[in-house]
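Here's the structure, in structure tokens; my notes come after.
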Amino acid sequence: MGLMDNLRAKLGPAKEKVSDLAHQHGGKITHGIDKAAKVVDERTKGKYSDKIHTGTGKAKDAVDRLAHKDGGTTPPSAPPPAS
């Protein structure tokens, strides 16, 4: 077994645990993301609102992917180049 195979074997259970926790506590995580974004936006006096909003959306999408809330599907990949 190579190094990558060993890492995958050891990280597999951790990935499932994180996925389960994200599925169980997704609402709390999302609430925390929103609360943190609001605090940062207030402290920066709205100067970075667009960037904060973008980051918040990406963080929520990541939580959804971890929790498998997308129905277990992966995003469509690009079609192969025409030869």
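The values are calculated or read from the model by the stated rules, or taken from the named source; none is laboratory data. Note that the structure is a prediction, hence the values are computed from the model and not measured. Note: ideal-geometry Cβ built from the backbone for every residue, glycine included; neighbour counts use all protein chains shown.
Tabulated values for the structure
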{"item": "Residue, nearest to residue 64 (Cα to Cα), within segment 1-26, restricted to residues that are among the hydrophobic types (A, V, I, L, M, F, W, C) and in contact (Cβ under 8 Å) with a residue 40 or more places away in the chain", "result": "22"}
{"item": "Residue in segment 16-32 that is modelled with pLDDT of 85 or more, of a type in the set (Lys, Arg) and part of a loop (DSSP other than H, G, I, E, B) present", "result": "no"}
{"item": "Residue list for segment 34-71, restricted to those being more than 19 Å from the chain's Cα centre (by Cα) and either of a type in the set (Phe, Trp, Tyr) or not in a helix (DSSP H, G or I) (or both)", "result": "44, 45, 46, 47, 48"}
